[in-house]
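Let me begin by presenting the structure, written as structure tokens, before commenting on it.
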Amino acid sequence: MRTEIEMPTTTTRLRSIGVCAGAGGLALGLEQAGFDPVLLLDNRTVACDTLRANRPTWDVLDLDLLDFDPAEHQQTYDVDLLAAGLPRVKATASVHRPERDDELEVLKATIMLMHGVRPRALLIENVPDLVTKAAYGPIREYITEELVHLGYGIHRFVLNAADFGVPQDRKEGVVVAFRDGRLDAFTPPVASVTRHRTVGETLGTSMAARGWPQVAVWAAQADRPAPTLVGGSWNRGGADLGPTGSKRAWARMGVDGGTVADDVPGPDFVWDPSRGRLGMMPLTVPQAAALQGFPPEWEFAGRKTAQYRQVGHATPPPVGRVLGESIAAALQS
């Protein structure tokens, strides 16, 4: 099902390739900013199913990035943008150690892909520590050395999704690179809201959908943005809203962060956080998606846990949009 969205007024559409595309949060935001993907790549079939369900016309490839050869997909040559919402690189990852580190290998494969594709611009979204922490210095040096060798100028910065209308305190580390001197024309996005949206105002209507009588009381005290949603490991465990600290933050808003619900509370549910998890309600997958800034029409393939994993790992579409608008402005200046 194709989501109807507002497209930019510019008459010139730009071309992109997306790697580690996941559920399409970054691709959706970039589409809203004027970028049409010539190819989206992900190695999880369920994520590829999500992309195809929402955008049947997108060319989606179910393949590991480490196995991707651009020579077999020459539509990717000289695109305007290579966009990558990469798995979270760990501070302990070492560029030069012999043993395999999957997240780092994917980052390195993305940088190596620049040699073959030669896009006009690069966008990498990852943990803020990739930009700010000294422990990530060797990885930053590796990225810089490779890109400068190819003739790209690089800029790194951190933004918070909450500053762009996403009801979530979610800091993103961003690396952009441009060739042909376009970096001088790039300006990072500036916060577009003066007040952060809260969990209560975002989810109040959905919480009331089945007649829960306490929704107004709950929404009034859920008066802050959500903590960062975390998708968790694909290899173990069920769906929950993140590590212990995140669960405590959710509990302070009367939400059970230890699981994901099949439905919103009904008329007989008694909300009483003093009873612990029994007195708090978990969120549903659509509610988590709303906290990520996905439109309500966006569908997620798979069972509940797989759906939540996709949501938690996604780049919020509004973040993809503002980044795309800034990149497009530099490319078109």
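The table below gives the values:
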{"quantity": "Filtered residue count, region 38-49, keeping only those that are in a strand (DSSP E or B) and of a type outside the set (Val, Ile, Thr)", "calculated": "4"}
{"quantity": "Given (1) closer than 23 Å to THR45 by Cβ; (2) in a helix (DSSP H, G or I); (3) polar (S, T, N, Q), number of the condition SER274 does not satisfy", "calculated": "(1)"}
{"quantity": "Region 300-333 - residue that is outside any helix (DSSP H, G or I) and not hydroxyl-bearing (Ser, Thr, Tyr) and, of those, surrounded by the most Cβ atoms within 10 Å (Cβ to Cβ)", "calculated": "ALA314"}
{"quantity": "Leading residue by the ranking (surrounded by the most Cβ atoms within 10 Å (Cβ to Cβ)) among those in region 50-87 that are within 17 Å of the chain's Cα centre (by Cα) and not in a strand (DSSP E or B)", "calculated": "THR50"}
{"quantity": "Residue under evaluation ASP223, criteria (1) at pLDDT below 95; (2) in a loop (DSSP other than H, G, I, E, B); (3) out of contact with any His (no Cβ under 6 Å at 6 or more places or on another chain), criterion not met", "calculated": "(1)"}
{"quantity": "Count of residues meeting criterion [of a type in the set (S, T, N, Q) and either surrounded by fewer than 16 Cβ atoms within 10 Å (Cβ to Cβ) or without any contact (Cβ under 8 Å) to a residue 40 or more places away in the chain (or both)] in region 262-290", "calculated": "1"}
{"quantity": "Residue within region 291-299 that is in a helix (DSSP H, G or I) and either surrounded by 23 or more Cβ atoms within 10 Å (Cβ to Cβ) or within 23 Å of the chain's Cα centre (by Cα) (or both) present", "calculated": "yes"}
{"quantity": "Number of positions in region 137-181 that are assigned to a helix (DSSP H, G or I) and touching a strand residue (DSSP E or B) at 6+ places or on another chain (Cβ under 9 Å)", "calculated": "7"}
{"quantity": "Odd one out for ARG195 among (1) of a type in the set (Lys, Arg); (2) without any contact (Cβ under 8 Å) to a residue 60 or more places away in the chain; (3) touching a Ser or Thr at 6+ places or on another chain (Cβ under 6 Å)", "calculated": "(3)"}
{"quantity": "Any pair with Cβ under 6 angstrom, 6 or more apart, that starts in region 229-241 at a residue that is assigned by TED's automatic domain parsing to the domain that holds LEU291 and closer than 17 Å to GLY25 by Cβ and ends at one that is in a loop (DSSP other than H, G, I, E, B) and not hydroxyl-bearing (Ser, Thr, Tyr)", "calculated": "VAL230/GLY242"}
{"quantity": "Test: residue in region 188-204 that is buried (at least 21 other Cβ atoms within 10 Å of the Cβ), basic (Lys, Arg) and over 14 Å from LEU123 (Cβ atoms)", "calculated": "no"}
{"quantity": "Filter result for GLY181 (assigned by TED's automatic domain parsing to the domain that holds ALA83 and more than 18 Å from GLY320 (Cα to Cα))", "calculated": "yes"}
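The values are calculated or read from the model by the stated rules, or taken from the named source; none is laboratory data. Not measured: the values here are computed from a predicted model. Every residue, glycine as well, gets a Cβ built from its backbone with ideal geometry; the counts of neighbours run over all protein chains shown.
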